[in-house]
Amino acid sequence: MFQALFSSSWETINQNFYTKLAQSVDPIDSTITFYAEILSSGILKSLDKKGVDVTENDALIALLKNPNEFQNFQQFIKEWLYYHYSHGWNYVVPKSTSVGFEKRIDKPTVKTTLYNCDPDHVKWNNSFVSNILNFLGIIRDKKIVFDYYPLGFRSVNYSDVISFIDVRQNSERPWVGVSRLLSLRQQIQNYSLSLQGKENLIKRTGSILVSLDAAKNEDLGLDSGIGTGKFIEGIPEIITHKEKLEKDMRATGLGNPSMGIMFSTLPLKSSPLSAGLENVKFDDYAIEDARQILNKYNLPKEFQNLTKETAKFANRQLAMIEVIQNTIEPLATSFCDKMQTYFNWENKISLDFSHLSVFADNEQTRTTTQQAVYDLYFKLFTDEVIDEKEFKAKLQEHGIIN
């Protein structure tokens, strides 16, 4: 994976592991997981044409609450969002006990199940000829088929899946989308390198490299000879100071002929292996790259946790409302509308978030939030970003004035 991060064919190679890539880069993984948790807290609701709540008797709601034998709705929608935000597209595959009756969920004798497909494991199996024909526009998307080995699906037709696109379609392959990660190549590389550099610094801290100091040439006298007091064939035995020191030290048990104590006749120098790395601001680099990654996913700064400062409660309240209204609710609408369209469902399916504590109708929260809203737009007004008319309109929109 690390090698692929530095590949010149970023889009081609990484198409098959965006999910793993997202899981391995904390700013991406934590952001998608944060959004997924909020999205999964929504309550499924259904209204008929007259606006009457029919949630309890709606077959599509029942299917979504128990989409398959492995997952409930909360697990299913979290997985759906992870693939959606990592790859920029994802498929939900309906399966039925009666082939061809996937959309007949109102029939008690037919059981339909829904499965998310991780694009990491989607294998396109079109023939070379059909791919060429599709590229030339002679045939269209309905001829696109794929295998999905984790669940044993073979030759799934694109026209039979519920397809979702995040930002935009791939111009060359319109049946898939373009991942946000594609534009974050440099930031992901830099973030990974910063973490690796910091790890190397920690590993090398305290480690010393000892080498000969070629710049010095001092005579330490270690090679001069001394007598041992022994005679060999009447000739006095002579050994060097170095040899005697090594022999005496090994006699103490501190070393042996192959490892342990070593003496040098030249001066030595030592330097820490971390030399030069301690001045590199790995944390600062990683924070800046993480900030750009988080901004790509529209995560407000109040939830980015990139500094030691903690955002004020009122600001976090406003930020959470912003996340729900600008990110989560559009995602929920997209999911529900696609499900409703696929099954030709007359009832209006939706995810409701009004029960969340951030929307709680208590006086303290309302007053704190309204004060924060007023302060925000008053600053925009005094900075001449908005005019007086727009300022009053915003206050009316948030119920601060009539």
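A few comments on the model shown:
- Per-peptide average of other Cβ atoms within 10 Å, ordering 170-178, 393-401 highest first: 170-178, 393-401
- Annotation: for a label point projected 7 angstrom from Cα along Cα→Cβ of Glu322, residues of the range 335-360 with backbone N closer than 17 Å are 358-359.
- Once the Cα-Cα distance is subtracted from the 0.36 nm per residue extended length, the Gln74 to Ile162 segment shows a gain of 29.8 nm.
- For the range 95-109, backbone phi angles converted through the Karplus equation (6.51, -1.76, 1.60; θ = phi - 60°) give residue-by-residue couplings of 10, 10, 5, 10, 4, x, 10, 4, 8, 8, 6, 8, 8, x, 8 Hz, Gly and Pro being listed as x.
- Using the Cβ-Cβ distance between Arg185 and Ala393 with R0 set to 41 Å, the FRET efficiency from 1/(1 + (r/R0)^6) comes to roughly 0.50.
- Per-peptide average of other Cβ atoms within 10 Å, ordering 76-89, 286-299, 100-113, 153-166 highest first: 76-89, 286-299, 153-166, 100-113
- Virtual spin-label span in nm between Lys301 and Tyr374, 7 Å along Cα→Cβ: 2.4
- Using the Cβ-Cβ distance between Lys95 and Phe359 with R0 set to 45 Å, the FRET efficiency works out to roughly 0.75.
- Filter on Lys20/Lys379; Lys45/Lys123; Lys20/Lys49; Lys49/Lys95; Lys348/Lys379 - keep pairs with C-alpha separation over 31 Å: Lys20/Lys379; Lys45/Lys123; Lys20/Lys49; Lys348/Lys379
- Rg and Dmax of the range 314-402, both derived from C-alpha coordinates alone, stand at 16.8, 51 Å.
- Ranked by the mean number of other Cβ atoms within 10 Å of their residues, highest first, the peptides 379-385, 63-69 fall in the order 63-69, 379-385.
- Distant-in-sequence amide contacts of Gly177, defined by a placed amide H-H separation under 5 Å and a gap of 5 or more residues or a different chain, comprise Trp89, Asn170.
No value in this document is a laboratory result; all are computed from the given coordinates. What you are looking at is a predicted structure, and each value in this text was computed from that prediction instead of being measured. Because the Cβ atoms are built from the backbone with ideal geometry, glycine has one as well, and the counts that use them run over all protein chains shown.
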